[in-house]
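Okay, handing you the structure first.
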Amino acid sequence: VLLDRAGNESDFCSVSVDDVEGGRLAVHHLLDQGHTSIAVVGGPGNLQQVADRRLGAELARSRHSSSAQLLVKSTTHLDVGSGVVAAEEIVALPEAERATAVFAMNDLLAIGLLQGFVTAGLRVPDEMAIIGYDDIAFAAAAAVPLSSVRQPRLAIGCRAAELLFDEIEANEHEAAHDHQQVRFTPELV
């Protein structure tokens with residue numbers, strides 16, 4: 001059972017989240033809040049989840065407002081330190097080019113971005129809005145609680161285990177097993 005990966009082969013079951021929809025939800029929310037310049041931070045871009053979330057961000061931008069700008073900033077890692085560095089790079093931009101909101105590819109990056117922006121003297125969310133991804137406990141417990149795209153972790157794990165046990169049972173009884181590709185929908189919190 002492939003976990004957190006969309007399967008398109010009949011040889012495996014898979015359980016994943018619609019990361020395109022997650023990226024769309026995050027950027028759509030920021031656009032609805034009036035932001036017209038949004039940094040999309042995280043990488044590397046060859047990770048399927050990152051690519052899908054970026055695609056969702058672009059879809060939200062193109063459907064919502066052709067005048068909105070997305071600044072895509074790749075990072076080598078998806079961790080707090082990379083978020084701090086990305087915040088420093090965004091703050092260093094001329095004010096006219098600086099985004100007023102950030103969609104981070106995960107909550108660890110979002111926490112690093114928060115730290116970097118606050119250290120630079122920006123008020124979050126007044127001067128810089130941030131949305132993360134994953135809805136980890138630290139995001140809600142931050143000095144400024146962060147908005148995030150929630151993945152239904154418990155449901156993902158339970159469904160993956162069910163599929164695995166179904167396949168084991170079918171194998172033990174030499175019965176057929178239909179491989180399923182299950183995709184959950186994330187939500188903005």
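Tally time: how many residues in region 145-162 are open to solvent by 50 Å² or more (accessible area, probe 1.4 Å) and either free of Cβ contacts under 8 Å to residues at least 60 places away in the same chain or within 14 Å of Val102 (Cα to Cα) (or both)?
6
Check Ala176, Ala170 and return the single one that is more than 22 Å from Asp19 (Cα to Cα), not charged (D, E, K, R) and not in a helix (DSSP H, G or I).
Exactly one of Ala176, Ala170 is more than 22 Å from Asp19 (Cα to Cα), not charged (D, E, K, R) and not in a helix (DSSP H, G or I), namely Ala176.
Can you confirm whether region 111-120 contains a residue that is in a loop (DSSP other than H, G, I, E, B), at pLDDT 95 or above and either open to solvent by less than 50 Å² (accessible area, probe 1.4 Å) or not hydrophobic (A, V, I, L, M, F, W, C) (or both)?
no
Further, regarding this structure: Which fully enclosed strands (runs of 3 or more DSSP E) of region 4-75 have 1 or more residues being touching a residue at least 12 places away in the same chain (Cβ under 8 Å) and charged (D, E, K, R)? Step through it out loud before you land on a result.
Numbers: elements: 14-17, 37-41, 69-73.
Counting at least 1 such residues, we get 69-73.
Only one of Gly116, Gly121 is more than 30 Å from Leu154 (Cα to Cα), in contact with a helix residue (DSSP H, G or I) (Cβ under 6 Å, 6 or more places away or on another chain) and not acidic (Asp, Glu). Can you tell me which?
When all the criteria are applied, what remains is Gly116.
Please enumerate the residues belonging to region 46-80 that are farther than 17 Å from Arg24 by Cα and small (Gly, Ala, Ser).
If the condition is that a residue be farther than 17 Å from Arg24 by Cα and small (Gly, Ala, Ser), then Ser74 is the only one that fits.
I would also like to ask the following. Does Ile90 qualify as being in contact with a strand residue (DSSP E or B) (Cβ under 9 Å, 6 or more places away or on another chain), of a type in the set (Val, Ile, Thr), open to solvent by less than 60 Å² (accessible area, probe 1.4 Å) and more than 22 Å from Gly34 (Cα to Cα)?
In short, no.
I've got another one for you. Consider Ala68 carefully, then state whether it is modelled with pLDDT of 95 or more and among the small types (Gly, Ala, Ser).
no
Here's the yes/no breakdown for (1) modelled with pLDDT of 95 or more; (2) within 20 Å of Leu31 (Cβ to Cβ); (3) open to solvent by 80 Å² or more (accessible area, probe 1.4 Å); (4) in a loop (DSSP other than H, G, I, E, B):
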site	(1), (2), (3), (4)
Ser82	yes, no, no, no
Ala99	yes, yes, no, yes
Asp126	no, yes, yes, yes
Tyr133	yes, yes, no, no
Ala143	no, no, yes, yes
Phe165	yes, no, yes, no
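One line per residue, one yes/no per condition, for (1) open to solvent by less than 10 Å² (accessible area, probe 1.4 Å); (2) closer than 15 Å to Ser148 by Cα; (3) β-branched (Val, Ile, Thr):
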{"residue": "Glu21", "(1), (2), (3)": "no, yes, no"}
{"residue": "Arg24", "(1), (2), (3)": "no, yes, no"}
{"residue": "Thr36", "(1), (2), (3)": "no, no, yes"}
{"residue": "Gly42", "(1), (2), (3)": "yes, yes, no"}
{"residue": "Asn46", "(1), (2), (3)": "no, no, no"}
{"residue": "Gln49", "(1), (2), (3)": "no, no, no"}
{"residue": "Arg53", "(1), (2), (3)": "no, yes, no"}
{"residue": "Leu59", "(1), (2), (3)": "no, no, no"}
{"residue": "Ser62", "(1), (2), (3)": "no, no, no"}
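The values are calculated or read from the model by the stated rules, or taken from the named source; none is laboratory data. Quantities reported herein were computed from a predicted structural model and do not represent experimental measurements. In this analysis, Cβ positions are derived from the backbone assuming ideal geometry, glycine residues included, and neighbour counts consider all displayed protein chains. Remember, those area values only see protein heavy atoms, side chains included, never the ligands or the DNA or RNA. Shrake-Rupley method; radii C 1.70, N 1.55, O 1.52, S 1.80 Å.
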